[in-house]
């Protein structure tokens, strides 16, 4: 199998200040762990991500938000967007290339040039709503990519799978009324952004998990809620909002997943994708703030995507 790995140097330059958990070291740790894994050496097709186009962003976001972020880009220092989210002089380039990575990955997978793809990018995106940036997120990378699949590649149905510990309120906001898109998710509740519990629709399958829930609860949600919903919907491409902050070692939340859970869910999603959509998967990094746990979890996820045995 061939897995595309997309990133961009600007993703290392976006920095929201000393002590902020969403920091450049996240990508440094991931890259170091992947580089040390000899079994992956021949399985990854590495690409430097292009920048997203304005047209591609506007499919997901209000043009007034795009204009506001462009105006807010500072020439030096930091500009706060909300209490948790800031821009530095490199942020605008980073968000354009993070979204561009997801779009390029979509092209590669949709055209059959690779089996699947992982986007090692930051800032994350799943909290970014149609008209609002928030929660470390400015552009919604997965939403932009999913809409690109629909508009540029002619798919009629796609699905977003979100296993970040925080609910992907931005993704739900963008797709709540779009019958072409299903979203399935798990997240800790109660926890920021305190959303996703207003009922489960046929296309918004949100499964809140209580503090302390471990892999057994997560796996039950996947088997009992996600997979039947995906089978019924029949997506032609899967997009993963791959947050790894539900790990038991992550300091920003209180779920108790481990690397084996991320390996397992990736395998289950690949099986569903094989049955439903010719294996087409694009995975995009979201959260994960304990650097050792994050890097180990991404390794397990990418190894499974690439078809590398976990005991190799």
Inset, instruction - Only one of these is exposed (fewer than 15 other Cβ atoms within 10 Å of the Cβ) and assigned to a helix (DSSP H, G or I): 216, 296, 303. Name it. - result: 216
Inset, instruction - Quickly run through the stretch 3-20 and pick out the residues that are surrounded by 16 or more Cβ atoms within 10 Å (Cβ to Cβ) and outside any helix (DSSP H, G or I). - result: 3, 4, 5, 6, 7, 8, 14, 15, 16
Inset, instruction - Those residues that are in contact with a helix residue (DSSP H, G or I) (Cβ under 7 Å, 6 or more places away or on another chain) and surrounded by fewer than 14 Cβ atoms within 10 Å (Cβ to Cβ), I need them from the stretch 55-80; list them, please. - result: 70
Legend entry - Exclusive hit being free of Cβ contacts under 8 Å to residues at least 24 places away in the same chain and either surrounded by fewer than 20 Cβ atoms within 10 Å (Cβ to Cβ) or not in a helix (DSSP H, G or I) (or both), set 224, 236: 224
Legend entry - Among residues of the stretch 115-130, those that are surrounded by fewer than 24 Cβ atoms within 10 Å (Cβ to Cβ) and either within 17 Å of residue 237 (Cα to Cα) or out of contact with any helix residue (DSSP H, G or I) (no Cβ under 8 Å at 6 or more places or on another chain) (or both), counted: 1
Inset, instruction - Just give me the residues in the stretch 21-64 being in contact with a strand residue (DSSP E or B) (Cβ under 8 Å, 6 or more places away or on another chain), assigned to a loop (DSSP other than H, G, I, E, B) and over 30 Å from residue 178 (Cβ atoms), in sequence order. - result: 43
Legend entry - Sole residue being crowded, with 24+ Cβ neighbours inside 10 Å and over 11 Å from the mean Cα position of the chain (by Cα), chosen from 152, 102, 133, 110: 133
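Conditions tested, residue by residue: (1) under 21 Å from residue 98 (Cα atoms); (2) assigned to a loop (DSSP other than H, G, I, E, B); (3) at pLDDT 95 or above.
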site: 121; (1), (2), (3): yes, yes, yes
site: 127; (1), (2), (3): yes, yes, yes
site: 143; (1), (2), (3): yes, no, yes
site: 154; (1), (2), (3): no, yes, yes
site: 159; (1), (2), (3): yes, no, yes
site: 172; (1), (2), (3): yes, no, yes
site: 186; (1), (2), (3): no, no, yes
Inset, instruction - With the condition kept exactly as written, say whether any residue in the stretch 188-200 is buried (at least 23 other Cβ atoms within 10 Å of the Cβ), out of contact with any strand residue (DSSP E or B) (no Cβ under 6 Å at 6 or more places or on another chain), in a loop (DSSP other than H, G, I, E, B) and at negative phi. - result: no
Legend entry - Test result for residue 213, under 13 Å from the mean Cα position of the chain (by Cα) and more than 21 Å from residue 299 (Cα to Cα): no
Legend entry - Unmet requirement for residue 97, which otherwise passes all of (1) touching a residue at least 12 places away in the same chain (Cβ under 8 Å); (2) over 19 Å from the mean Cα position of the chain (by Cα): (2)
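The values are calculated or read from the model by the stated rules, or taken from the named source; none is laboratory data. Everything numeric here is computed off the predicted structure, so don't read it as measured data. Cβ atoms come from the backbone with ideal geometry, glycine included; neighbour counts cover every protein chain shown.
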